[in-house]
Amino acid sequence: MAAKQQEPRLSLKLLIDEERNRVVAAEAHKEFVEILFSFLTLPMGTVIRVTSSGGTKNAVKIGCMNNLCRVVEKLSNENWETENCKSMVLHPRNPLGNYCQKLKVNIDDSWSNTKYRCSWCCSRMSWYPNVSCTCGGKTSNHKITYGVNNEGAFLQKGRTMFIISDDLQIRPACPSVLARLLSNLGLSEMDGIREMLIEVSKEQVISLLARSLVSESPLSDVFLPNPTKHETKLPERTLQTTEQNEPPAPTPTPTPTPTLNLQVTLNKSTNKLLFAKATNEFFDFLCTFLTIPVGSIIHVLKRNLGGFGGCIYNLYTSVEELEDKWFGSCLKSAILNPQIAQYHNCKKQPLKLDELIESKLLLDPRPNQNFAGEPLLFIVLDNLDVKPLSSASSSLILRELKVPFRDVEDQVITVGMNEALSLLKAALTSPSSALTNGLASFLQKKKKKQEA
Ligand SMILES: [Zn+2]
């Protein structure tokens, strides 16, 4: 019998600037680069779950997203359409999970190729047992595991090496690429640069994901014992908004953007949003903040990330700038916008993101295509803490807010594309005021006093 299977590891060659104690570059085969690219396919809920799973070591705080995760976890079953809905938001499916399965190290455990077939018609299926089928039957408890072919994940076969900068800019290896990178870091020669071969573990891949979202030097942070944290002022591209380089805007589709109404209560003197009264439809929209993959978040925000994501944006532009020939068919555009996994979107999605259809035979585990049960109202606080109105005590909320009643005003905001983008950005970047930062600029201004 074979010995206990060893945890897969990947080799990586680090180039270390000894004097400044930092990784200036890494050289890696495609297997490592694919793992970095897979970060863009992870839904935000997965990112938060995976990075916080090993205790506080890797835990990252991403705006109000951690709060939203906690809310979903706490919300009891009667607030969801079915129990599966909560599980879908907490363990959102990766739309490109079938490719990530082939990674040498896969940190996303939420995707599986196991399905349950309807016991009546035997043709439709679900990821869950006991889901109602369109034929009137239900999926059985017997799971079927489908095979995954053994080809590469995202990149074409080959032994090409790639150069990776400390802030995750990736290029096919070439001496001139390395020279330019080192020169941009103020280095003029290879003297003083030590090479180190390492074996990367799964735990370190999770650390890399975490650091890529908050730091500009993930390689140094993870692989050096006491790295000097660098506010890397890196090449042109990195810090500037690239509006002038933006690809042509997608041709507008004729379908109108769905909108959601949200009643917000603001503190008039501070213009701060105290809370919002949200329908189950709006709550479903908030749930999709956790089911949208990182790549699609960057795609919809169109680079206007407002401080979100350390150097994950460099990873994104590296995919963009790598020629198509490096990727398996259509995979480049898929990584740049993985979309949302099937049945993980809300009915009214103002961000106009679509689901990636995995199979037409799959059943929606949500009988009415909602995450939240309906009809249901929620109170959403500024930090995206959500309480069902059925259980939240209105008097307690008012007491906690400590705002005089005469200083409070209700308004209704129509959340369309611009409002949704602004709220998403605020949820990613503001630790406690997502509603205010995201939506206050859309409030109706009170009429100024008539000039004399
Ligand atoms: Zn059936």
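Computed 3J(HN,Hα) for segment 366-382, one whole-Hz value per residue from the Karplus formula 6.51 cos²θ - 1.76 cosθ + 1.60 where θ = phi - 60°, is 9, x, 10, 6, 10, 7, 7, x, 10, x, 8, 10, 10, 9, 10, 7, 4, glycine and proline marked x.
Shape class for segment 1-118, computed from the alpha carbon gyration tensor (a ≥ b ≥ c): oblate, with a/c not under 1.5 and a/b at or below b/c. Note on the chain: Rg/Rh from Cα positions, Kirkwood definition for Rh, rounded to two decimals, is 1.00. For the chain, the relative contact order is 24 percent, taking Cα pairs closer than 8 Å that sit 6 or more residues apart in sequence and dividing their mean separation by the residue count. Under the criterion of Cα pairs below 8 Å and six or more residues apart, the relative contact order for segment 361-452 equals 25 percent. Using Cβ point charges alone (K and R +1, D and E -1), the dipole size of the chain about the Cα centre works out to roughly 1020 debye. With the highest mean first, a sort of the peptides 176-189, 415-428, 396-409, 73-86 on other beta-carbon atoms found within 10 angstrom per residue produces 415-428, 73-86, 176-189, 396-409. What a 1.4 Å probe finds exposed on the chain is 50% carbon and sulfur by accessible area, rounded to a whole percent. Put a dot 7 Å past the Cα of ASP324, heading toward its Cβ, do the same for ASP407, and the two dots end up 5.9 nm apart. Peptides 159-170, 303-314, ordered by how many other C-beta atoms sit within 10 Å of their residues on average, highest first, read 159-170, 303-314.
Partnerless cysteines in the chain, where a partner means another cysteine C-beta under 4.7 angstrom, comprise CYS64, CYS69, CYS85, CYS100, CYS122, CYS174, CYS287, CYS311, CYS330, CYS346.
Ranked by the mean number of other Cβ atoms within 10 Å of their residues, highest first, the peptides 367-377, 23-33 fall in the order 23-33, 367-377.
Among the GluC sites (Glu not before Pro) in segment 263-355, those placed in a DSSP loop whose Cβ has at most 15 other Cβ atoms within 10 Å are GLU323. Per residue, the accessible area of the chain comes to 48 Å², computed with a 1.4 Å probe over protein heavy atoms only.
Dimensions of segment 146-222 from C-alpha coordinates, computed as largest minus smallest value along each principal axis and given longest first, are 53, 29, 21 Å. From helices alone, the chain scores -8000 deg cm²/dmol at 222 nm; the rule is -39500 (n - 2.57) for each run of n ≥ 4 DSSP H residues, then divide by the residue total.
The values are calculated or read from the model by the stated rules, or taken from the named source; none is laboratory data. Because the structure is predicted, anything quoted here is derived from the model rather than measured. Neighbour counts run over all protein chains shown; Cβ positions are idealised from the backbone, glycine included. Heads up: the accessible areas ignore ligands, DNA and RNA and are worked out on the full protein's heavy atoms, side chains in. Shrake-Rupley method; radii C 1.70, N 1.55, O 1.52, S 1.80 Å.
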